[in-house]
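The values are calculated or read from the model by the stated rules, or taken from the named source; none is laboratory data. Quantities reported herein were computed from a predicted structural model and do not represent experimental measurements. Don't worry about glycine lacking a Cβ; one is built from the backbone with ideal geometry, like all the others, and counts go over all protein chains shown. The area values use the complete protein model at the heavy-atom level, side chains included, leaving out ligands, DNA and RNA. Shrake-Rupley method; radii C 1.70, N 1.55, O 1.52, S 1.80 Å.
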Amino acid sequence: MSKRSTAQLVGPFEDALAKAEWFPDEVRQLAPAALGDCLAQHFKAPGNRDARGTRSSVKQDAGRTVGHLVGAIRSAGVHPDSNVRTRAKKLVRSVQRLEFSELAVRSSRFRGYVNKVGRSREERKRRARRKTIQIDDCLGLTELNSSDQLQAAGRALGLCTARRDGFGRPCFEELRDGSTSFYRLDGDSGPVGLLSMDVDSRRIQEASGPDNCDLAIRGKTARRILQKLNASADDVEAFSKVGAFSEFRERMPRTDPLVHGEQQHWVWCFTTERLQTLILCRWDGRRATWSRFERQYGRGNAWVEGCHHDGAMTQGLLLELLIECPAVYTAIRDGFDVEARQA
């Protein structure tokens, strides 16, 4: 490799060192020339050359190493971690006595150490920023802002995030890139559940109880969670089975029950510019069962099942109900007529 090419590689190192007042004059004056000699010897080694001269891969590796050294010069003066600053100064001084192959190894290790320190600092910042949200007298949400917190919650609840590999790995990746928020649901005796929410859409993605069992929460509590997080969870079983739909996040409109044999039915109709939503609650004397349907605006479009928990009505069961209970049919028809007039 020509002297000119070597000088081009050394140039950024020399420029950065000339501005680094935190290094003694001896290092600032001698280290660039030492790096140039080091590179020249490295490029002349038989294993680093082919018929056309220095191998391109060797040049690329050398450029990467010089980049790490330039980073070390800056870190030595401005990095907030004192250990990083000490290691950076030691690495830059070693340019005057090490062969390039050893210098490449040490600079790569230094870059890895800086990255590790950066991740640790970010973890600490996240912990300081985490929110706690009181849901009621017995339950609260704690935002999990670090991998350590998410793993600890997984261990306490017996979930996949107890490990950072395997099934739990995507959760940690989503936490690091900021696409998903995680919340631990705490009761009087400790953690009782874990929620994950897509940050952009504000949709709850999963709601898990201990050992991946269903998260056991009442409808009022579930709706309050959605309200506090400004979130929706229309097809998440823990929420949909207790009627915690986004339409009820602020309040549940009052409606009268419709009697059909030994059952009672409540009907809610909602209309937006593009979508009609039908919510039904059935009481059979023992428990309430919730169902939700959606369709594109217009009477001719078919209803699509909007939740799929055990007991939720299918399209077929909805049709049977409309045929067998005219009062429900009438309530739905009139409900959407009113919504259409108000829209």
Any hit, the range 241-258, residues being touching a residue at least 12 places away in the same chain (Cβ under 8 Å), touching a Lys or Arg at 6+ places or on another chain (Cβ under 6 Å), more than 21 Å from CYS160 (Cβ to Cβ) and assigned to a helix (DSSP H, G or I): yes
Residue count, the range 226-268 (criterion: farther than 25 Å from ARG286 by Cβ and either in contact with a Gly (Cβ under 7 Å, 6 or more places away or on another chain) or open to solvent by 80 Å² or more (accessible area, probe 1.4 Å) (or both)): 4
Any hit, the range 265-281, residues being over 30 Å from GLU143 (Cβ atoms), without any contact (Cβ under 8 Å) to a residue 24 or more places away in the chain and not in a strand (DSSP E or B): yes
The range 130-178, subset under 18 Å from GLY190 (Cα atoms) and hydroxyl-bearing (Ser, Thr, Tyr), residue surrounded by the fewest Cβ atoms within 10 Å (Cβ to Cβ): THR132
Of all residues making up the range 158-188, the number that are farther than 20 Å from THR132 by Cα, among the hydrophobic types (A, V, I, L, M, F, W, C) and not in a helix (DSSP H, G or I): 1
Lone qualifier among ARG202, ARG223, ARG218 - being over 21 Å from the mean Cα position of the chain (by Cα) and open to solvent by less than 90 Å² (accessible area, probe 1.4 Å): ARG223
Tabulated pairs, the range 217-233, first within 14 Å of TYR183 (Cα to Cα) and in contact (Cβ under 8 Å) with a residue 60 or more places away in the chain, second surrounded by 23 or more Cβ atoms within 10 Å (Cβ to Cβ) and of a type in the set (Phe, Trp, Tyr), C-beta under 9 angstrom, 6+ apart or interchain: ILE225/TYR183; ILE225/PHE239; LEU229/TYR183
The one condition in (1) at pLDDT 90 or above; (2) out of contact with any helix residue (DSSP H, G or I) (no Cβ under 7 Å at 6 or more places or on another chain) that ARG87 fails to fulfil: (2)
Options ALA104, ALA152: the member that is of a type outside the set (Phe, Trp, Tyr), at pLDDT 90 or above and over 29 Å from ARG85 (Cα atoms): ALA152
Helices (runs of 4 or more DSSP H) lying entirely in the range 18-112 (those with 1 or more residues that are open to solvent by less than 90 Å² (accessible area, probe 1.4 Å) and closer than 17 Å to THR6 by Cα): 25-44, 56-78
Those residues of the range 173-193 which are within 24 Å of ASP137 (Cα to Cα) and of a type in the set (A, V, I, L, M, F, W, C), in sequence order: PHE182, LEU185, VAL192
Criterion violated by ASP211 - all others in (1) surrounded by fewer than 16 Cβ atoms within 10 Å (Cβ to Cβ); (2) touching a residue at least 24 places away in the same chain (Cβ under 8 Å); (3) under 22 Å from THR277 (Cβ atoms) satisfied: (3)
Conditions (1) over 16 Å from LEU195 (Cα atoms); (2) in a helix (DSSP H, G or I); (3) in contact (Cβ under 8 Å) with a residue 40 or more places away in the chain: number failed by ALA153: (1)
Test: residue in the range 296-315 that is open to solvent by less than 20 Å² (accessible area, probe 1.4 Å), touching a residue at least 40 places away in the same chain (Cβ under 8 Å) and either in a strand (DSSP E or B) or more than 21 Å from ASP214 (Cβ to Cβ) (or both): no
